Every structure is written in C-alpha cells, then in structure tokens.
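Below: one structure, written as structure tokens.
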Amino acid sequence: MHPVLPSKLPQVGTTIFTVMSKLAADCGAINLSQGFPDFSAPQRLFDLVTRHIAAGRNQYAPLPGVAPLREAIAEKVASLYAAVYDVEHEITVTAGATQAIFTAIAACVRPGDEVIVFSPVYDSYVPGIELNGGKALHASLQTPAYLPDWDEVRGLVSPRTRMIIVNSPHNPSGAVWSADDLEKLAALVRGTDIIVVSDEVYEHIVFDGVRHRSLAAHAELRSRSFVVSSFGKTYHVTGWKIAYCLAPRELMAEFRKAHQFVVFAVNHPMQLALADFMREQPRFALDLAVFYQAKRDFFRRQLADSRFELLPCRGTYFQLARYAAISDEPDTAFSQRLTREHGVAAIPVSVFYPQGDDHRIVRFCFAKGEETLAAAGERLRAV
C-alpha cells in the first residue's frame, strides 16, 4: 500500500509550456508556444565556456557567484540605472530567474502572509507563494494595455501583506510599466514593511523607444526590492538557467540563507564565460531591443492579413492575439486545435489567470528565425 500524501499544490499539474511543446513535437508543428529562441548565441560565448572548462574551472563556484560575473553585473547596473550595488553583499547569481524568485519568496514569506500578484501572472509565482505557506491575492491587468489599476491594488493591501511581485516587461502581455507606475507603487508601500520582487528578465527587450523602468533605478523602491534578471533571455541561452538577483544587504543576507539550501552554487565555467563576454561585447545586450523589434515587426506583418487581432506589444518576445473572429472555442481547445490542424503551437492566456479567465487570446513567441516566422505566418493566415 502506498502512503497517502496530501498535495501541497492540488490544483497544479504539468505546466502548460511543457504540454504545448510536447504537443507541437508530437504533431510536427511550429512551436511558438514556449519562450525560447530557435537560434544560437554567438560562438564566442561557447568558446569562452570551453576555455574555462579546459582551464579546470569545473568545481563548485562560490555561493554568491564568481566575483568577475558579480563585478560585471554591478558595472552594467551602474551604467544603465545609476544604481550602486555592493559586489560582495548585494548581488547573487542564481540558477535561473525562477529560482531567484522562489528563493526571495522562501526567504520572506511565512504562513499566513499575503502576496499581491498581477493577473495574468507568470505561472511560477503563485506555487512559490503557496509552497511557503502564503496566500496570493490577484490584482487585475485589463486588456489591451495590461497595466495596473492602483486603486484596486491599494484595496488589496492589509497588515498581512508581506510582498508584492511585479513583472515588467510583462509576460505574457508585453506591457511595460511607466515611471508613473513606479511612483504609485512607491507611494503604496511607503511606511510599510512590504517587500517587492521585481521580475525584469526582459529588461533589454523593449520597443518603439520605450524605456525600461527598473526598480533598481528608483532609490526608494530599490531599498526594499529584490530585482531579478536573466542571462538566458539576454544571451539566447535559456537552457543554461543562469540569472541574478540584486537586493540591499539586509535583504540579500536572508536571500542567501535560503539560496544555499535551494541550489548552493551555479555552473562555474558558464559564469566565467558570461563575465568575459559581458566585458568583451557590452553592446550585445544594448542592441537586443533593435534585434527583437525587427522580429516583432516581421511577425506582425505576417499576421496583418490574418483574422487574428494583434494586441499591443511594447516589450518581451511575445505577441498576444485575439481570435474571436475565428472561433468561439475556449482558448485551450483553440490552441490545441491550432497545433493539430494548422501546425502552429501557441499558449492559451487563460492559464495565466487564477480562475482560468478566458478572453479568447493566445500568446505567440516570436524569438525565432525569419524562416520559422514566415512559415508560421503562412499557416496562421490560412486559419
């Protein structure tokens, strides 16, 4: 007889990204569902990894990350956001952004605490909150802008509020917060003990002259925030699962207490390679917005004569599309049929809502080569 184990996440199954990627593979469909590029990072980055492996840098890295990478991160953040983070005590390299966010939650959230998130919400936030005994409260981002209603957010704040998790540029919508949004957030948490986690993994992917507003650049918010970014998103190496977290010394001390027992340390030669590459090619990250805007514009042109209604996309490498003119099916059923019958996989946006709110919208990833996007466009125009 097997032991009875009550689930800590009874509503959670296999993530939709795994489900849709498997369906795409099974059907031989073009996979525009899961958010990863189908092109490679520069060969120079791989050569640097090989060099460090050959040099014997194959044992555990230091718990907070190798010093050269933390120094490169500090230089980048100072240059972009005029923010000074202490290399020794305020920067930690993590095994991906999901681990960084989970670790920040684990370090701060206790049973009975409440955490405010914004729906549609990336799928890892709420399970992380619940696994640590907290309760997620959802503020709504309304279509098509997907920006906060700060009066609604204010109404969710209570003495039990431990944390607010924000995400800009926003997955799945591509919305980008303004300086005014940051000011309203700062006013909301002023005089409280609320911690902020800022998921900024798409910080370099913003379009049409829009400026990314990092919480690192806002002195008042910086003093109470964990700011998370991703090397995987920036350097086209999502499978490396390397990211970093910035936080004031007191918060980072608590973060590292949890970090050492979640993962301890991150891939050593790859950290060193990233440090070298950041110094050798600082323009790579800065040019990412132009690179991905060309892909966004190309993909939107592919769908211009389709029956999909394209929503605004100001950042990330995701494009939302409403399909109400095509079908009244629920978005999960539509996404599955789109994959099986038309050979293009997308993500149903209802999975990002706590109650599965269905606005007949799907998410496409355009981090693909033009040949892939053109082939997908041809199929989608025929839907």
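The values are calculated or read from the model by the stated rules, or taken from the named source; none is laboratory data. Note that the structure is a prediction, hence the values are computed from the model and not measured. In this analysis, Cβ positions are derived from the backbone assuming ideal geometry, glycine residues included, and neighbour counts consider all displayed protein chains.
Look at (1) β-branched (Val, Ile, Thr); (2) within 28 Å of His259 (Cβ to Cβ); (3) part of a helix (DSSP H, G or I); (4) free of Cβ contacts under 8 Å to residues at least 60 places away in the same chain and you find that Val19 fails only one, number (2). Suppose we keep only residues that are over 14 Å from Val77 (Cβ atoms) and not aromatic (Phe, Trp, Tyr) within the stretch 231-242. Which one would you say is nearest to the chain's Cα centre (by Cα)? The extreme case among them is Lys233. You will find that of Leu32, Leu48, the residue that is surrounded by 18 or more Cβ atoms within 10 Å (Cβ to Cβ) and over 27 Å from Ala376 (Cα atoms) is Leu48 and no other. Select the strands (runs of 3 or more DSSP E) contained entirely in the stretch 90-200, then report the ones holding at least 2 residues which are touching a residue at least 40 places away in the same chain (Cβ under 8 Å) and over 20 Å from Lys233 (Cβ atoms). By residue number, 114-119, 135-140, 161-167. Within the stretch 79-94, being out of contact with any Phe, Trp or Tyr (no Cβ under 9 Å at 6 or more places or on another chain) and not acidic (Asp, Glu) holds for Ser79, Leu80, Tyr81, Ala82, Ala83, Val84, Tyr85, Val87, His89.
Among the residues that make up the stretch 71-81, is at least one of them of a type in the set (Phe, Trp, Tyr) and touching a residue at least 40 places away in the same chain (Cβ under 8 Å)? Yes, there is a match, as at least one residue in the stretch 71-81 is of a type in the set (Phe, Trp, Tyr) and touching a residue at least 40 places away in the same chain (Cβ under 8 Å). Exactly one residue out of Pro144, Pro148, Pro120, Pro159 is of a type outside the set (Gly, Ala, Ser) and under 24 Å from Met252 (Cα atoms): that is Pro159. For residues that are of a type in the set (S, T, N, Q) and either without any contact (Cβ under 8 Å) to a residue 12 or more places away in the chain or in a helix (DSSP H, G or I) (or both), scanning just the stretch 277-320, find the one that is farthest from Ala346 (Cα to Cα). So the residue we want is Gln293. Scan the stretch 85-99 for residues that are among the β-branched types (Val, Ile, Thr) and within 19 Å of Asp199 (Cα to Cα) and jot them down. The answer is Ile91, Thr92, Val93, Thr94, Thr98.
Here is a yes/no grid of residues against (1) within 19 Å of Ile164 (Cα to Cα); (2) modelled with pLDDT under 95; (3) of a type in the set (D, E, K, R); (4) touching a Gly at 6+ places or on another chain (Cβ under 7 Å):
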residue: Asp208; (1), (2), (3), (4): no, no, yes, no
residue: Glu220; (1), (2), (3), (4): yes, no, yes, no
residue: Gly239; (1), (2), (3), (4): no, no, no, no
residue: Gln260; (1), (2), (3), (4): no, no, no, no
residue: Leu274; (1), (2), (3), (4): no, no, no, no
residue: Gln281; (1), (2), (3), (4): no, no, no, no
residue: Tyr292; (1), (2), (3), (4): no, no, no, no
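Evaluate the following for Asp328: is it touching a residue at least 24 places away in the same chain (Cβ under 8 Å) and outside any strand (DSSP E or B)? Spelling it out, Asp328 is indeed touching a residue at least 24 places away in the same chain (Cβ under 8 Å) and outside any strand (DSSP E or B). Taking the stretch 235-261 as the range and being assigned to a helix (DSSP H, G or I) and either on the phi > 0 side of the Ramachandran plot or among the β-branched types (Val, Ile, Thr) (or both) as the test, only Thr238 passes. All conditions but one from (1) in contact with a helix residue (DSSP H, G or I) (Cβ under 9 Å, 6 or more places away or on another chain); (2) over 25 Å from Phe207 (Cβ atoms); (3) not in a helix (DSSP H, G or I) apply to Phe264; the one that does not is (1). Within the stretch 289-318, restricting attention to residues that are under 15 Å from Thr372 (Cα atoms) and not hydrophobic (A, V, I, L, M, F, W, C), the residue that is surrounded by the fewest Cβ atoms within 10 Å (Cβ to Cβ) is Arg301. All of (1) surrounded by 23 or more Cβ atoms within 10 Å (Cβ to Cβ); (2) closer than 25 Å to Ile195 by Cα hold for Ala265 with one exception: (1). Output yes when any residue across the stretch 335-344 is in a helix (DSSP H, G or I), hydrophobic (A, V, I, L, M, F, W, C) and in contact with a helix residue (DSSP H, G or I) (Cβ under 6 Å, 6 or more places away or on another chain), and no when none is. For the stretch 335-344, residues in a helix (DSSP H, G or I), hydrophobic (A, V, I, L, M, F, W, C) and in contact with a helix residue (DSSP H, G or I) (Cβ under 6 Å, 6 or more places away or on another chain): absent.
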